[in-house]
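Colleague: I'd like to ask you about the structure that follows.
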Amino acid sequence: MKLYRKITALVLAGVILLAQIGVRAEDIQSLQEENEALQQKIESEQSEIEETEEQMLELEMEIDDQKSEMINIMKDIADTEQAIADKEEEIANKEEEITAKEEEIAAAEEEYEAACARRDEQYEAMKIHIQYMYENGDANYLVLLLEAEDMSQLLNRAEYIESLYSYDSQVLADYEAVMEEVTQLQASLEEQRAELVKEEAGLESEEASLVSEKAELEAQEAYLNEIIASLQTKVDNFDALLTDAQNRVSSYKSQIASNNTKITELEEAAAAAAAAAAAAQSSSGGSSSGTTETASGGSATAQAIANYALQFVGNPYVWGGTSLTNGCDCSGFVMSVYAAFGYSLPHSSYSLRSVGTGVSLSEAQPGDIVCYSGHVAIYIGNGRIVHAKSSSTGIVTDNVYYSSSTVVLAVRRVI
């Protein structure tokens, strides 16, 4: 009776433990499905991040182009400002020349007026002299000649009379010549001044044109500044979107890591419960079937592939290797296992992401290929994998999320 009660208690404990294991399996499946959904979100976010980064790159290139054009415009503005300064200097020089020419004209006018005054004085003197000679008649000239005592004196007096008329005529002619010269000088100076004024007007017109050109360049500069500011605002907005997306990815990865930790804990708890159940069974006279894993579920060939892969657990990991007994790496392990069944697969973890047909992790069956970033494994069922893990571990079985940072990128079904 005591033995019966003990067996009954052990059986009930075993049932409870098995029920707990079933609950844990459901929890693990739920967490795995959540991880898969999170992984899909990560892939979607990463796609958006790549698109946003491309758009940001295009905007930054456009900003660089606009800034290059801005630099050229600023250089043109500087050149135009220098040209305006040069033109203003030319105008100032021209104004000085005009001032100097006006001073020369003023001096010529004074000289002209002085010459006119001297001419008028001489002319008045000549008129008085002529009037005096006329009023005294030609007899005065005759007296001058008759009173000469000798021929020499006569000739001298005659010459004197002649020279008197010649002197008056010469003085008048000289003054007329001076008047003509001064008049021509004055006209020439006026003409030169008019030319200088014309040149000054031309320079002022050129300066006005340069000022207008500068205003247009400054308007272009302001317009480019607006464009650059608008583009920079878009870049800032994209940067904010990028930061938000990266934060979400980080959050998803953190959640996956947390779920992986929970899965590990649940699996360890399930393993402990199974061990306890086995111990209870053993103490009641039952027997243990051992800890060797086997694949279950999926097609017969896929199960055979998974079970075949499990035969090599414990063998070494060799980077670049393909020998299931002497050493292989992760993709070499998958390739060689499948090769034994007549399937030719690439020796590349990246290329293995494209073989066969993609399925979700929740739909994974033994024999499917589980793809990670830079790593691959063979699914054996119940959330477990067999893979050439590392040089320190060799070929081992693991939870599909074998570390807290593990992210499943794809599950590929070849069979």
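Colleague: From T322, T357, grab the single residue that is open to solvent by 50 Å² or more (accessible area, probe 1.4 Å), under 26 Å from A300 (Cβ atoms) and touching a Ser or Thr at 6+ places or on another chain (Cβ under 7 Å).
Modeller: Exactly one residue qualifies, and that residue is T322.
Per-residue answers, yes or no, for (1) modelled with pLDDT under 85; (2) of a type in the set (A, V, I, L, M, F, W, C); (3) exposed (fewer than 13 other Cβ atoms within 10 Å of the Cβ); (4) within 47 Å of the chain's Cα centre (by Cα):
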residue	(1), (2), (3), (4)
S169	yes, no, yes, no
A187	yes, yes, yes, no
Q192	yes, no, no, no
V211	no, yes, no, yes
A240	no, yes, yes, yes
R248	no, no, no, yes
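Colleague: What's the number of the condition E162 fails, among (1) closer than 22 Å to E109 by Cβ; (2) charged (D, E, K, R); (3) at pLDDT below 70?
Modeller: Only one criterion is unmet by E162, namely (1).
Colleague: Tell me yes or no: at least one residue of segment 42-63 is β-branched (V, I, T) and farther than 24 Å from L241 by Cα. Steps first, please.
Modeller: Taking segment 42-63 as the starting set, the residues that turn out to be β-branched (V, I, T) are 42, 49, 52, 63.
Still in the list and also farther than 24 Å from L241 by Cα: none.
No, segment 42-63 contains no residue that is β-branched (V, I, T) and farther than 24 Å from L241 by Cα.
Colleague: With respect to I305, is the statement that it is more than 30 Å from I49 (Cα to Cα) and modelled with pLDDT of 85 or more true? First the steps, then the outcome.
Modeller: Details: more than 30 Å from I49 (Cα to Cα): yes; modelled with pLDDT of 85 or more: yes.
Answer is yes for this residue.
Colleague: Just to be sure I understand the filter: pairs with C-beta atoms under 9 Å, separated by 6 or more residues or on different chains, first member in segment 77-92 and surrounded by 14 or more Cβ atoms within 10 Å (Cβ to Cβ), second member among the β-branched types (V, I, T). Which pairs pass?
Modeller: T80/V211; I84/V211
Colleague: Just one of the numbered conditions (1) under 16 Å from I415 (Cα atoms); (2) of a type outside the set (G, A, S); (3) open to solvent by 20 Å² or more (accessible area, probe 1.4 Å) is not true of V334; which one?
Modeller: Failed condition: (3).
Colleague: Just the residues that are open to solvent by 10 Å² or more (accessible area, probe 1.4 Å) and either modelled with pLDDT of 90 or more or within 14 Å of L345 (Cα to Cα) (or both), please, taken from segment 363-381. Walk me through it before giving the result.
Modeller: Start the filter on segment 363-381 by keeping residues that are open to solvent by 10 Å² or more (accessible area, probe 1.4 Å), which leaves 363-365, 373-375, 379.
Scanning segment 363-381 gives E363, A364, Q365, H375, Y379.
Colleague: So which of T397, T393 ends up being open to solvent by 30 Å² or more (accessible area, probe 1.4 Å), at pLDDT 95 or above, among the hydroxyl-bearing types (S, T, Y) and within 15 Å of C330 (Cα to Cα)?
Modeller: T397
Colleague: Next up: Quick one: how many residues across segment 173-185 are surrounded by 15 or more Cβ atoms within 10 Å (Cβ to Cβ) and β-branched (V, I, T)?
Modeller: So the count comes out to 2.
Colleague: Go through the residues of segment 136-148 one by one and say whether even a single one is in a helix (DSSP H, G or I), at pLDDT below 80 and closer than 30 Å to E180 by Cα.
Modeller: Checked against the condition, which is being in a helix (DSSP H, G or I), at pLDDT below 80 and closer than 30 Å to E180 by Cα, segment 136-148 yields no hits at all.
Colleague: Scan segment 393-415 for residues that are out of contact with any helix residue (DSSP H, G or I) (no Cβ under 6 Å at 6 or more places or on another chain), closer than 19 Å to L324 by Cβ and touching a residue at least 24 places away in the same chain (Cβ under 8 Å) and jot them down.
Modeller: Selection gives T393, G394, I395, V396, T397, V414.
The values are calculated or read from the model by the stated rules, or taken from the named source; none is laboratory data. It should be emphasised that the depicted structure is a prediction, and the values quoted were computed from it without experimental measurement. All Cβ positions, glycine included, derive from the backbone under ideal geometry; neighbour counts span all protein chains shown. Heavy atoms of the whole protein, side chains included, go into the accessibility calculation; ligands, DNA and RNA do not. Shrake-Rupley method; radii C 1.70, N 1.55, O 1.52, S 1.80 Å.
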